[in-house]
Amino acid sequence: MKAESTNQRGTPVEPVIDTPFALERLIRRDRAVIALGLAAIALLAWAYLVRMASGMHAAAMDAEIHAAMGMPGMRTWGAMDLVMLFLMWNVMMIGMMLPSAAPLMLMVVGTYRRRGPGARGMTTAFVTGYLVAWTAFSAAAALMQTALHQAALLSPGMASRSPVLAGGILLIAGTYQWLPLKNACLTRCRSPLDFLSREWKEGPAGALSMGLRHGLFCVGCCWALMALLFVAGVMNLVWVAAIAGFVLVEKLMRHGAAAGRVAGIVFFVWGAYVLIRAA
């Protein structure tokens, strides 16, 4: 491979590729750069969540103490609370979902590199589109949480106070695991090559569009699982990590789809038990 780092004006240029071996070496380098970038973003997201969870845990303890003393613990959330809640959900979705989408993103950078220069920039556009979809979901989740808070249905730890709410969420999550829509979205998420063959678009706008569509498929696949956080606590990091791990199994493991159906039965039975016990 013959490479030239800058042109006569000092502007970086793409290396010239003259052998298949050089191309594969360049693809491996691109994938390493993208993989390190995705890992860094996910780790930063988790570090932020750990720090935020510790602060929220202390605030929740104070609220519980106030409630035990007969002091009012609920207050109306303002615009800044909603913004911080949206930020929390957005960072949490990045930390939870990027690892499961990484294999497709690494495939994207290799495909773009084989088609010409600008592979990293195109992949960045793809990742951006993917995150836009989860940003929209984060906004909806923040609005839902605000409504539940105002209705006094959530504890200071952001978990359901109502067995009817908790049981209903579990029933919905369990049922959704068996619906055709869930299976269609999961199939797209589990088959990166099939997704690229169906959805491929050229150019930066095309990469952004593909990333957005893949993100929407992921939202369609996982939104009910994310709703389970309202059962045990939105900032319960054990649950956050468990759901993130389950998403990885469902999307990447050989029998992930079957595991998802088994989990659906567990959620449904659990929800029915919660509702029957509350009756």
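The values are calculated or read from the model by the stated rules, or taken from the named source; none is laboratory data. This one's a predicted model, so the numbers in the text were calculated from it and none came from an experiment. We place every Cβ from the backbone using ideal geometry, glycine too, and count neighbours over all the protein chains shown. Areas reflect the complete protein model, heavy atoms only, side chains present, ligands, DNA and RNA absent. Shrake-Rupley method; radii C 1.70, N 1.55, O 1.52, S 1.80 Å.
Would you tally the net charge around Leu216, using a Cβ to Cβ cut-off of less than 14 Å, leaving Leu216 out, and scoring K and R as +1, D and E as -1?
Working: positive: Lys182, Arg188, Arg198, Arg213; negative: Glu199.
Taking every Cβ under 14 Å from that of Leu216, the sum is +3.
Of the chain, which part is the longest with no GluC sites (Glu not before Pro) in a loop (DSSP not H, G, I, E, B) and with at most 13 other C-beta atoms within 10 angstrom? Spell out each step's value before the answer.
On the way: sites that count: Glu4, Glu202.
Maximal segment without exposed cleavage sites: 5-201.
Only four residue types carry charge here, +1 at the Cβ of Lys and Arg and -1 at the Cβ of Asp and Glu. Report the dipole size of the range 140-218 about the Cα centre in Debye, rounded to the nearest 20. Please list the in-between numbers first.
Working: 7 positive and 3 negative charges, 19 e Å.
Using only the charged Cβ atoms, the result is roughly 100 debye.
Cβ under 15 Å from Arg28's Cβ, Arg28 left aside: what net charge do those residues give with Lys, Arg +1 and Asp, Glu -1?
Numbers: positive: Arg25, Arg29, Arg31, Arg113, Arg114, Arg120; negative: Glu24, Asp30.
Every neighbour counted, the sum reads +4.
How far is it, in nm, from the label point at Ala140 to the one at Leu43 when both lie 7 Å from their Cα along the line to the Cβ?
Here the answer is 3.3 nm between the modelled labels.
Please give me, ordered by residue number, the trypsin sites (Lys or Arg not before Pro) of the range 210-262 that lie in loop per DSSP and have at most 11 other Cβ atoms within 10 Å.
Details: sites: Arg213, Lys251, Arg254, Arg261; in loops: Arg254.
In loop regions of the range 210-262 (DSSP not H, G, I, E or B), the sparsely surrounded trypsin sites (Lys or Arg not before Pro) are Arg254.
Run the simple label-point estimate for Ala259 and Trp178 please: 7 Å along Cα→C-beta, distance reported in nm.
In this crude label model, Ala259 to Trp178 measures out at 2.1 nm.
Once label points are set 7 Å from the Cα along Cα→Cβ at both Ser191 and Ser209, what is their separation, rounded to one decimal in nm?
A separation of 2.2 nm, rounded to one decimal place.
Give, as ranges by residue number, the residues of the range 191-223 whose backbone N falls under 18 Å from the point 7 Å along Cα→Cβ of Thr128.
Under 18 Å, as judged by backbone N against the label point of Thr128, lie 201-216 of the range 191-223.
With a cut-off of 8 Å between alpha carbons and a minimum separation of six or more residues, what is the relative contact order of the chain in percent? Present the calculation step by step, with values, prior to reporting the outcome.
Details: 336 pairs, mean separation 62.2, N = 279.
Value for the chain: 22 percent.
With θ set to phi - 60° and the Karplus curve 6.51 cos²θ - 1.76 cosθ + 1.60, what are the ³J(HN,Hα) couplings of the range 98-112 in order, to the nearest whole Hz, using x for Gly and Pro?
So the J values, rounded to whole Hz, are 4, x, 6, 8, 4, x, 5, 5, 5, 5, 4, 5, x, 5, 5.
I'm spelling it out carefully: the read-out is Cα Rg over 2.2 N^0.38 Å, the candidates are (1) 1.35; (2) 1.18; (3) 1.03, and one was derived from this structure. Which label?
Recomputing Cα Rg over 2.2 N^0.38 Å here picks out (2).
For the chain, build the charge dipole from Cβ charges (+1 Lys, Arg; -1 Asp, Glu) around the Cα centre, then report which of Ser155, Cys185, Phe195 sits farthest towards its positive end.
Value computed over the given set: Phe195.
Over the range 169-245, what percent of the accessible surface lies on carbon and sulfur atoms, probe 1.4 Å? It would help to have the intermediate numbers written out before the result.
Details: 2180 of 3070 Å².
In the range 169-245, the share of accessible area belonging to carbon and sulfur is 71 percent.
So what is the relative contact order for the range 143-225, in percent, with contacts set as C-alpha pairs under 8 Å and at least six apart? Present the calculation step by step, with values, prior to reporting the outcome.
Working: 43 pairs, mean separation 21.7, N = 83.
Dividing the mean separation by the residue count of the range 143-225 yields 26 percent.
Can you run the Rg to Rh ratio on the range 127-279? Use alpha carbon positions and the Kirkwood inverse-distance Rh.
On the way: Rg = 16.7 Å, Rh = 16.5 Å.
Here Rg/Rh amounts to 1.01.
How large is the charge dipole for the chain, taken about the Cα centre, if only the Cβ atoms of Lys, Arg (+1) and Asp, Glu (-1) carry charge, to the nearest 20 debye?
Working: 23 positive and 12 negative charges, 132 e Å.
Computed charge dipole of the chain: roughly 640 debye.
Under 12 Å from the Cβ of Ala244, count the other residues' Cβ atoms, weight Lys and Arg +1, Asp and Glu -1, and hand me the total.
Numbers: positive: Lys251; negative: Glu250.
It works out to a net charge of 0.
Per residue, how much accessible surface does the chain expose to a 1.4 Å probe? Answer in Å², no decimals.
51
May I ask which residue of Ala258, Leu82, Ile172 lies farthest towards the positive end of the charge dipole of the chain, with charges of +1 (Lys, Arg) and -1 (Asp, Glu) on Cβ and the Cα centre as origin?
Selected residue: Ala258.
How many angstrom lie between the C-alpha centres of the range 93-146 and the range 187-223?
9
Is it possible to state the helix-based mean residue ellipticity at 222 nm for the chain, with each DSSP H run of 4+ residues giving -39500 (n - 2.57), the sum divided by total residues, to the nearest 500 deg cm²/dmol? What is it?
-27500 deg cm²/dmol
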